[in-house]
Amino acid sequence: TGVRDMAGDWAQITARRRIEAALKLEGYFVLTEVDVQALIKSRLHVEFQPYVILGAVKPELVHQFILTDPTGGLMSPNSISITTDEAGDAVLSIQDPAALLGAYHDPKRFDAPLVESRMRLQRALANA
């Protein structure tokens, strides 16, 4: 759904706070968090850049997806990655919810909740 760069000191922490606040304004809440940097260090014993993946859900959209198809819950949570680039600037990325449609034989059924989900996630990214 998009990528956004943020410059400056504490960029990753600031980016996280801002995206969480922007998601909240859109009715989402963070359900899961994966600290990829810590995971790779603890499991692979390798140093890795700061990298976090958040799983955000909007209950009304999850409900619509599941009502559309019993397996529609697989459309959530929406993944948001927060990392830094070579310059130390934060990079926010949000997965397009439509990327998961390949598993469905009639993806058009999901058009209404997908359009809303994409619009809200893009707005959250722009406002972060």
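The values are calculated or read from the model by the stated rules, or taken from the named source; none is laboratory data. Source: prediction; values computed, not measured. Positions of Cβ are backbone-derived with ideal geometry, glycine not excepted, and every protein chain shown enters the neighbour counts. To get the accessible areas, we keep the full protein, side chains included, count just its heavy atoms, and leave off ligands, DNA and RNA. Shrake-Rupley method; radii C 1.70, N 1.55, O 1.52, S 1.80 Å.
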Over the heavy atoms of ARG118, what accessible area does a 1.4 Å probe trace out, to the nearest 10 Å²?
70
Using label points projected 7 Å from each Cα along Cα→Cβ, tell me how many nm separate ALA112 and GLU47, to one decimal.
5.3
Using a 1.4 Å probe, what is the accessible area per residue for segment 79-128, in Å²?
49
Can you pull out the chymotrypsin sites (Phe, Trp or Tyr not before Pro) in segment 22-75 whose DSSP state is coil and whose Cβ has at most 16 other Cβ atoms within 10 Å?
PHE48
From DSSP H assignment alone, runs of 4+ in the chain each adding -39500 (n - 2.57), the sum over residues rounded to the nearest 500 puts [θ] at 222 nm at -12500 deg cm²/dmol
On the protein heavy atoms, probe 1.4 angstrom, tell me the percent of accessible surface of the chain carried by carbon and sulfur.
58
Under a plain spin-label model, where a point goes 7 Å from the Cα along Cα-to-Cβ, how far apart in nm are LEU74 and PHE29?
2.7
Using the Cα centre of the chain as the reference point, and only Cβ charges (+1 on K/R, -1 on D/E), how large is the resulting charge dipole? Debye, rounded to the nearest 20.
260
Those lysines that a straight Cα-Cα span of less than 29 Å connects to LYS24, excepting residues fewer than 8 apart in one chain
LYS58, LYS108
Kirkwood Rh and Cα Rg combined as Rg over Rh, evaluated for segment 85-127
1.14
